[in-house]
Amino acid sequence: MATKTDFLAILQTMAGRGVDYIVVGGVAAVLQGAPVATFDLDLVHSREPENLNRLLAALDFLEARYRTPGAETARPTYSHLVSPGHQLLMTRWGPLDLLGTIGEAQGYSELLDRTVTLDAGQDLSVQVLDLSTLIQLKEQLAHDKDRAVLAILRRTLEEKGKGS
Amino acid sequence: MADKTESSPPLPALSAAYSEDGVDLTLIRWMLSLSPAERLEVLQNTVASILRLRGDQN
């Protein structure tokens, strides 16, 4: 089980196995300059069959298990990952949420043209959901926790606009 | 030795640091001054330090 949270190591594992994914959620916000804290890494993965096989290999290396109560020893399978649902996992490098779709049933292929490519360090380029789309998704969700972050994301987008 | 009568330069109004909805703009500007890789490092260090404060072995 996780002894050290290392989002970069999880992303490197995915990249090293050729997994297609988009970084969303709090880490996506941080990569674009929003000062928010998050304890898990949210990824929307491609649900193409070849990608799911690569993803399963990466998850095996990461020793991924479900972190939902009562399922802590269960490993994610192909049938879980092909679904549009959310898989809440714990890995050797911390919590990882794999999301088949987000928002209004938007998956990897629908979101890909709303991403930016960023250098996450150590020669790793990642596809990250852009800040405007992150804000739109949080507005749709309208959970209390999302409303709290929305103001920070909106101001970050504003400040970025001033700088460009 | 510092002259106690010397006046300090005026600080900018604290309100300038916040947006009207209470967001700390100084943190946003600081984060925007970093590269994406540096921002990720800040996040990881933040998570690690909070977990250490909480007593987790991270």
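Is it true that A:A148 is loosely packed, with under 15 Cβ neighbours inside 10 Å, more than 8 Å from every other protein chain (Cβ to nearest Cβ), aliphatic (A, V, I, L, M) and within 16 Å of the chain's Cα centre (by Cα)?
Spelling it out, it is not the case that A:A148 is loosely packed, with under 15 Cβ neighbours inside 10 Å, more than 8 Å from every other protein chain (Cβ to nearest Cβ), aliphatic (A, V, I, L, M) and within 16 Å of the chain's Cα centre (by Cα).
Restricting to segment A:107-123, give me the number of residues that are assigned to a strand (DSSP E or B), surrounded by fewer than 19 Cβ atoms within 10 Å (Cβ to Cβ) and modelled with pLDDT of 95 or more.
2
What number of residues within segment A:124-134 are part of a helix (DSSP H, G or I) and either farther than 15 Å from A:Q106 by Cα or among the small types (G, A, S) (or both)?
Qualifying residue count for the region: 2.
Quick one: A:L96 ticks every box in (1) within 16 Å of the chain's Cα centre (by Cα); (2) not in a strand (DSSP E or B) bar one, so which box is it?
That leaves (2) as the condition not met.
What are the pairs with Cβ atoms under 7 angstrom where one residue, in segment A:135-147, is closer than 14 Å to A:G26 by Cα and the other, located anywhere, is surrounded by 14 or more Cβ atoms within 10 Å (Cβ to Cβ) and of a type in the set (G, A, S)? Sequence gap at least six, or different chains.
A:L137/A:G103
Could you count how many residues in segment A:87-101 are more than 11 Å from A:H45 (Cβ to Cβ) and of a type outside the set (S, T, N, Q)?
Number satisfying all stated conditions: 7.
Quick one: in segment B:34-49, of everything that is more than 7 Å from chain A (Cβ to nearest Cβ) and of a type in the set (A, V, I, L, M), which residue is nearest to the chain's Cα centre (by Cα)?
Looking at residues that are more than 7 Å from chain A (Cβ to nearest Cβ) and of a type in the set (A, V, I, L, M), I get B:V42.
Hey, among the residues in segment A:6-18 that are in contact with a helix residue (DSSP H, G or I) (Cβ under 7 Å, 6 or more places away or on another chain) and surrounded by 22 or more Cβ atoms within 10 Å (Cβ to Cβ), which one's nearest to the other protein chains (Cβ to nearest Cβ)?
Going through the qualifying residues, I end up with A:F7.
Could you check segment A:19-43 and list, in sequence order, the residues that are within 15 Å of A:L96 (Cα to Cα), in contact with a Gly (Cβ under 8 Å, 6 or more places away or on another chain) and crowded, with 18+ Cβ neighbours inside 10 Å?
A:T38, A:D40, A:L41, A:D42
Being of a type outside the set (V, I, T), touching a residue at least 60 places away in the same chain (Cβ under 8 Å) and within 14 Å of chain B (Cβ to nearest Cβ) is the filter here, so list the residues in segment A:19-41 that pass it.
A:G25, A:G26, A:A28, A:A29, A:L31, A:Q32, A:G33, A:A34, A:P35
If you take the residues of segment A:113-134 that are touching a Ser or Thr at 6+ places or on another chain (Cβ under 9 Å) and hydrophobic (A, V, I, L, M, F, W, C), which of them is nearest to the other protein chains (Cβ to nearest Cβ)?
A:L118
The values are calculated or read from the model by the stated rules, or taken from the named source; none is laboratory data. This is a predicted model, so every value here is computed, not measured. Every residue, glycine as well, gets a Cβ built from its backbone with ideal geometry; the counts of neighbours run over all protein chains shown.
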